[in-house]
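Take a look at the structure set out below.
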Amino acid sequence: MQPRMSTEGGAVEMVEFMEKVSAAEGEELSVEERNLLSVAYKNVIGAWRASRRIISSIEQKEESRGNAY
């Protein structure tokens, strides 16, 4: 199995690929597969954290202005 990587959505494709790899029963992940899974996880979590920081920042600005968000 080879993951498809593109400039757009590459992290999403990697996560989908690693879900398939990790769902294979009776097989342990290779070192390379574990590393790829780790990178995919870090990419997803990093994007989620960045989004959450942006939302939190917007909420704080609105609260300081006295607006309900």
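Rule-based calculations on the coordinates, nothing more; no lab input. Everything numeric here is computed off the predicted structure, so don't read it as measured data. When we count neighbours, we look across all protein chains shown, and the Cβ atoms used for this are built from the backbone with ideal geometry, even at glycine.
Compared with the direct C-alpha span, the chain from Arg53 to Ser38 gains 3.2 nm at full extension, assuming 0.36 nm per residue.
Arrange Arg53, Arg34 by Cβ neighbour counts within 10 Å, fewest through most, would you? Can you show the working numbers first?
Numbers: Arg53 10, Arg34 14.
The most exposed by this proxy come first: Arg53, Arg34.
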